[in-house]
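One structure is given here, and the rest of the page talks about it.
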Amino acid sequence: MQALVQQKEFKQALGLVKGATNSHSALPQLQGVYLKAAGDRLRLSATDLEIQVTTSIPALVAEPGEVAGRVRELCAVVNAAKGELTL
């Protein structure tokens, strides 16, 4: 996956889906965010098995794909970035 997104939009979207994660869960899947780049969008999705939150933002997708990452680490990277992010 390779996509270019605006830091501000990614930060807002990550903040939305972060609410559906469970940082205290024994299941690592519930501590993460699923990212899927396709077309001209980046979709972010997270769940705690009771609710699921999904949103998408505009992206320049060079290589479609999908990946999951821990929300805590993604937030740290996004907060430190300026301008545009390449995923």
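Give the peptides 73-85, 1-13 in descending order of average Cβ contacts within 10 Å, highest first.
Highest-to-lowest ranking by the protection proxy: 1-13, 73-85.
Determine the per residue accessible area of the chain with all protein chains present and a 1.4 angstrom probe, expressed in square angstrom.
61
Which angle from 0 to 90°, rounded to the nearest 10, does the C-alpha axis of helix 7-18 make with the longest principal axis of the chain?
Helix 7-18 and the main axis of the chain meet at about 20 degrees.
Once the other residues with Cβ under 11 Å from the Cβ of ALA13 are scored (Lys, Arg +1; Asp, Glu -1), what is the net sum?
+4
Provide, as a two-decimal number, the C-alpha radius of gyration of the chain over 2.2 N^0.38 Å, N being how many residues it has.
Working it through for the chain, the quotient is 1.02.
Of ALA80, VAL17, ALA68, which is farthest towards the positive pole of the stretch 6-87's charge dipole, taken about the Cα centre with +1 and -1 on the beta-carbons of Lys, Arg and Asp, Glu respectively?
Among ALA80, VAL17, ALA68, the one farthest towards the positive end of the dipole of the stretch 6-87 is ALA80.
Testing the spin-label approximation: label points 7 Å from Cα along Cα→Cβ at VAL67 and THR54. State their distance in nm.
Distance between the two pseudo-spin positions: 2.1 nm.
The values are calculated or read from the model by the stated rules, or taken from the named source; none is laboratory data. All values derive from a computational prediction rather than experimental measurement. Reconstructed Cβ throughout: ideal geometry from the backbone, glycine too, with neighbour counts over all protein chains shown. When the accessible area is computed, the model is the full protein with side chains, heavy atoms only, and any ligands, DNA or RNA have been set aside. Shrake-Rupley method; radii C 1.70, N 1.55, O 1.52, S 1.80 Å.
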